[in-house]
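Asks: Below are the structure tokens for one structure; questions will follow.
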Amino acid sequence: MKPAPFDYVRPGSLDDALAALSGDPGAKVLAGGQSLVPLLSMRLAAPSTLVDINGLPGLDSVEVTGDGVRVGALARHADVLAHDEAARVQPLLRLALSHVAHATIRNRGTTVGSIVHADAAAEMPVVLRLLGGSVDVAGPAGTRTVPADELYVGPLESSLAHDEIATSAFFPALAPGARVAFAEIARRHGDYALVGAAALVDGDTVRVGFVSVNDVPTVVDLTGVATEDLGDAALARLDPTDDIHATAAYRAQLVRVLTARVVREATTDE
């Protein structure tokens, strides 16, 4: 199947890109395109205009400070994965990105694009939410920062307005003494996870984020829960469902196994 007809613009500035979006309610932003292009090909998305932001300057950076890692809207997954300083300041980035699709897709797909696509089966949205990160957004009214906890409002739906563009995502640095871990189960490495889990353990605080379980990226606080009860405590706040890839019962069992695994890895040297 071929995409439905659409117009195409490639603006040279952020202001021009925002103007193109504001002028067409049916327009969509194109960055890496690894999520959007398949939707176009299956006609699950039919924008009237594609606004290609790949020509915008200054959006492909990965900036690392003591506070954290800021990833520009055009930085590719592969760039972030290979960035040693980013991995040192926030190790969960590399742990999770190594599970994102395959090398060809990582070479083109953008980390910020994955985040605002808001797919609960993707790794980076839950990483941002677990870490308490944020997204910087530009729109006709100016710029704003959207905390990760306010970003996801429904399946494949973010809180960004139609005429806004995410310009960067910020991942806070790992606090001294804190530990992280990531694991997922997929039919083949690089496929979407049947279930994934990311743990952040900071002192007595234990939080775990889940991939491919709820309709939105979900983080559960498991502080104070006994080791043998971690999986069931997580499930009490999750809602695994059936689909063509796995039954709800199988997903629930994977939640039990992966929750215990990532918390153990984040609290021991195993």
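The values are calculated or read from the model by the stated rules, or taken from the named source; none is laboratory data. Keep in mind the model is a prediction, meaning the values are calculated, not measured. Cβ placement follows ideal geometry from the backbone for every residue including glycine, while neighbour counts extend to all protein chains displayed. To get the accessible areas, we keep the full protein, side chains included, count just its heavy atoms, and leave off ligands, DNA and RNA. Shrake-Rupley method; radii C 1.70, N 1.55, O 1.52, S 1.80 Å.
Asks: When the residues of the stretch 235-270 are filtered to those that are open to solvent by less than 20 Å² (accessible area, probe 1.4 Å), in contact (Cβ under 8 Å) with a residue 60 or more places away in the chain and not polar (S, T, N, Q), which remaining residue is nearest to F182 (Cα to Cα)?
Replies: Checking each candidate, the answer is V262.
Asks: Follow-up question, since we're still on this one. What tally of residues in the stretch 64-85 results from selecting those that are within 22 Å of E164 (Cα to Cα) and open to solvent by 40 Å² or more (accessible area, probe 1.4 Å)?
Replies: Qualifying residue count for the region: 1.
Asks: Output the qualifying pairs, or none if there are none: Cβ atoms under 8 angstrom, residues six or more apart or on different chains, first residue in the stretch 95-112 and assigned to a helix (DSSP H, G or I), second residue open to solvent by 50 Å² or more (accessible area, probe 1.4 Å) and at pLDDT below 95.
Replies: I105/Q34; R108/Q34
Asks: Do you know which residues across the stretch 205-234 are hydrophobic (A, V, I, L, M, F, W, C), surrounded by 14 or more Cβ atoms within 10 Å (Cβ to Cβ) and either in a loop (DSSP other than H, G, I, E, B) or in contact with a Lys or Arg (Cβ under 7 Å, 6 or more places away or on another chain) (or both)?
Replies: V213, V216, V219, V220, L222, V225
Asks: Could you say which residue among A4, A45, A19 is of a type in the set (A, V, I, L, M) and touching a residue at least 40 places away in the same chain (Cβ under 8 Å)?
Replies: Of the residues listed, the single one that is of a type in the set (A, V, I, L, M) and touching a residue at least 40 places away in the same chain (Cβ under 8 Å) is A4.
Asks: Criterion first (open to solvent by 20 Å² or more (accessible area, probe 1.4 Å), over 22 Å from A181 (Cα atoms) and not aliphatic (A, V, I, L, M)) does R88 satisfy it? Working first, answer last.
Replies: Numbers: open to solvent by 20 Å² or more (accessible area, probe 1.4 Å): yes; over 22 Å from A181 (Cα atoms): no; not aliphatic (A, V, I, L, M): yes.
Spelling it out, it is not the case that R88 is open to solvent by 20 Å² or more (accessible area, probe 1.4 Å), over 22 Å from A181 (Cα atoms) and not aliphatic (A, V, I, L, M).
Asks: Here are the criteria: (1) touching a helix residue (DSSP H, G or I) at 6+ places or on another chain (Cβ under 7 Å); (2) over 25 Å from V62 (Cα atoms). Tell me which single one R237 does not satisfy.
Replies: For R237, the failing item is (1).
Asks: Could I ask something else about it? Could you list, in sequence order, the residues of the stretch 99-109 that are open to solvent by less than 50 Å² (accessible area, probe 1.4 Å) and in contact with a helix residue (DSSP H, G or I) (Cβ under 7 Å, 6 or more places away or on another chain)?
Replies: Listed by number, the residues that qualify are H99, V100, R106, G109.
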